[in-house]
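K.L.:
There's a structure below that I have some questions on.
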Amino acid sequence: MRGTNMIVAKAPAKVILFGEHAVVYGYPSIASALDLYVKVNISKRKENGLVVKSNQYNIIWDNPKKVPEPFKPLRRIIDLISKDYDVNIYAKNVYVEINSDLPPGCGLGTSAACSVAFTAALLEHLDFQYEKEKINYYAFEGEKVSHGTPSGIDNTISTYGGLLLYVKKDKPVIQSLENPPNLVFVLIDTGIPRNTKQAVLSVAKLFKKHSIIGSVMDVIGDIVNTAWTEFQKGENADVQTIGELMNINHGLLSALGVSSAKIEEIVYLLRKKGVYGAKLTGAGIGGYVLGLLRKEITDRLEKTLRTHGYKYFISRINRKGISIEHIR
Ligand code: PMV
């Protein structure tokens, strides 16, 4: 970090656009990087020793032997980098501060974005040579600490940005799209915490009882492939078609039993206000509802959401992935 007072690394969060739940059974899914970030600042301390502060959790980590739970993925990254580059990072005078546009555990990939931003800021601070591939590798190792056997989609999309088509396999198939259409999303918090494990389990139970669920999954797979073909048209993609596919996907997620009264209330509020399409995103039951915005209705919609007391985010697709800035 020669001549620099602070390094700021910004890594995007993500949202699942199509194919959640069916992805668990080997069907494709599509995710997008968001214009919402986890930011990691690194500067030099006067004293030796690593200090990490998270403003979201309001905790400080300053003892290498006592790691607060949310920092365990970061410890794994530090240990790997220390070993690979033969350096003792804990003995260096490093001050790390973590900020996020989104709350932790909201299903929008903030843990992966944190690992990506932390890795990038640290490698940059230490003046080490690296490629994006290396950031993705270390961040994935961090993700394994948070999620056991993650798919790798969250760290990949946060590192590279854009849209990703993902198929879960022993070796996952990931296709990226760096020039997606210029879409604007609205994300509305249902206020109900999501429970991915429980939602995935309830779909598995339903599938076991009704083999017809296999046909529902087949249609979701077709929707994902149709949407991907549309996205590949870049600026010429038909936004109306993408919105309609979102609505159809949502209907099928309801058929899988992962919608809820609150989600439906928000989905219909969005549709009434004239979005191109609306659906639940991620595990469902709670979490966020995703709408594809029509620019002309943005002001009116925001006013309605505020009147109803909803917490929401508006976001475009992030195309760049991780970015690093030196502040002098
Ligand atoms: O809500 P999230 O971000 O935990 O997403 C879950 C997505 C599922 O397809 C339901 C599960 C999975 O592992 O892909």
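The values are calculated or read from the model by the stated rules, or taken from the named source; none is laboratory data. Given the structure is predicted, the values throughout are model-derived calculations rather than measurements. Reconstructed Cβ throughout: ideal geometry from the backbone, glycine too, with neighbour counts over all protein chains shown. Areas reflect the complete protein model, heavy atoms only, side chains present, ligands, DNA and RNA absent. Shrake-Rupley method; radii C 1.70, N 1.55, O 1.52, S 1.80 Å.
K.L.:
So with the 1.4 Å probe, I'd like the accessible area per residue for the chain, rounded to whole Å².
P.N.:
Here the residues of the chain average 46 Å² of exposed surface.
K.L.:
Right, something else. Count the net charge of all other residues whose Cβ sits under 12 Å from the Cβ of T149, scoring Lys and Arg as +1 and Asp and Glu as -1.
P.N.:
The answer is 0.
K.L.:
Which distance in nm do the two modelled labels at N99 and E244 give, with both placed 7 Å along the Cα-to-Cβ direction?
P.N.:
Between N99 and E244, the label points sit 4.4 nm apart.
K.L.:
Taking only DSSP H segments of four or more residues, each worth -39500 (n - 2.57), what value at 222 nm results for the chain once the sum is divided by all its residues, to the nearest 500 deg cm²/dmol?
P.N.:
-12500 deg cm²/dmol
K.L.:
Want the number for A255 to V67: 0.36 nm per residue separation, take away the alpha-carbon distance, what's left?
P.N.:
Length gained between A255 and V67: 63.4 nm.
K.L.:
Same structure, new question: Can you tell me which of 223-230, 151-158 comes out highest on packing, and rank the rest after it, using the mean Cβ neighbours within 10 Å?
P.N.:
151-158, 223-230
K.L.:
Here is a follow-up. Among 81-90, 172-181, 253-262, how do they line up from the highest to the lowest mean number of other beta-carbon atoms within 10 Å?
P.N.:
The densest-packed peptide leads the list: 253-262, 172-181, 81-90.
K.L.:
Continuing with the same structure: Please turn the phi angles of region 119-129 into ³J(HN,Hα) values with the Karplus equation 6.51 cos²θ - 1.76 cosθ + 1.60 (θ = phi - 60°), one per residue in order, whole Hz, x for glycine and proline.
P.N.:
Calculated HN-Hα couplings, in order: 4, 4, 5, 5, 4, 5, 4, 7, 6, 8, 6 Hz.
K.L.:
I would also like to ask the following. List every residue whose amide H lies under 5 Å from the amide H of F18, counting only residues 5 or more places away in sequence or on a different chain, with H placed 1.01 Å from N in the peptide plane.
P.N.:
The answer is I30.
K.L.:
Report the net charge of residues surrounding Q175, where surrounding means a beta-carbon distance below 14 angstrom and charges are Lys +1, Arg +1, Asp -1, Glu -1.
P.N.:
Once all neighbours under 14 Å are counted, the net charge is +2.
K.L.:
Please list, in chain and number order, the residues 5+ apart from G109 or on another chain whose amide H is under 5 Å from its amide H, with Hs placed from the backbone.
P.N.:
Long-range HN contacts for G109: K14.
K.L.:
I need the fraction of alpha carbon pairs in the chain separated by more than 37 Å, rounded to a whole percent.
P.N.:
Tail of the P(r) past 37 Å holds 19 percent of the pairs.
K.L.:
Compute the Rg/Rh shape ratio of region 185-328: radius of gyration over Kirkwood radius, all on alpha-carbon atoms.
P.N.:
Ratio of gyration radius to Kirkwood radius for region 185-328: 1.01.
K.L.:
Which order, highest average first, do 190-198, 140-148 follow once you tally other Cβ atoms within 10 Å for each residue and take the mean per peptide?
P.N.:
140-148, 190-198
K.L.:
Turning to a different aspect of this structure: Quick one: what do you get for region 141-223 if you divide its Cα Rg by 2.2 N^0.38 Å?
P.N.:
After normalising by residue count via 2.2 N^0.38 Å, the value is 1.35.
K.L.:
Let me ask something additional. What's the FRET efficiency of N58 with K295 using the Cβ-Cβ distance as r and R₀ = 30 Å, to the nearest 0.05?
P.N.:
Efficiency for this residue pair is about 0.20.
K.L.:
Please give the length that would be gained between K303 and V24 if that part of the chain were fully extended, namely 0.36 nm times their separation in residues minus their C-alpha to C-alpha distance (nm, one decimal).
P.N.:
96.7 nm
K.L.:
Can I ask one more? Please give the length that would be gained between K272 and N236 if that part of the chain were fully extended, namely 0.36 nm times their separation in residues minus their C-alpha to C-alpha distance (nm, one decimal).
P.N.:
Fully extending the segment from K272 to N236 adds 10.4 nm.
K.L.:
Now, a different point. Plugging the Kirkwood radius over Cα pairs into Stokes-Einstein for region 272-328, at a temperature of 10 °C and a viscosity of 1.306 mPa s, what D comes out in µm²/s?
P.N.:
115 µm²/s
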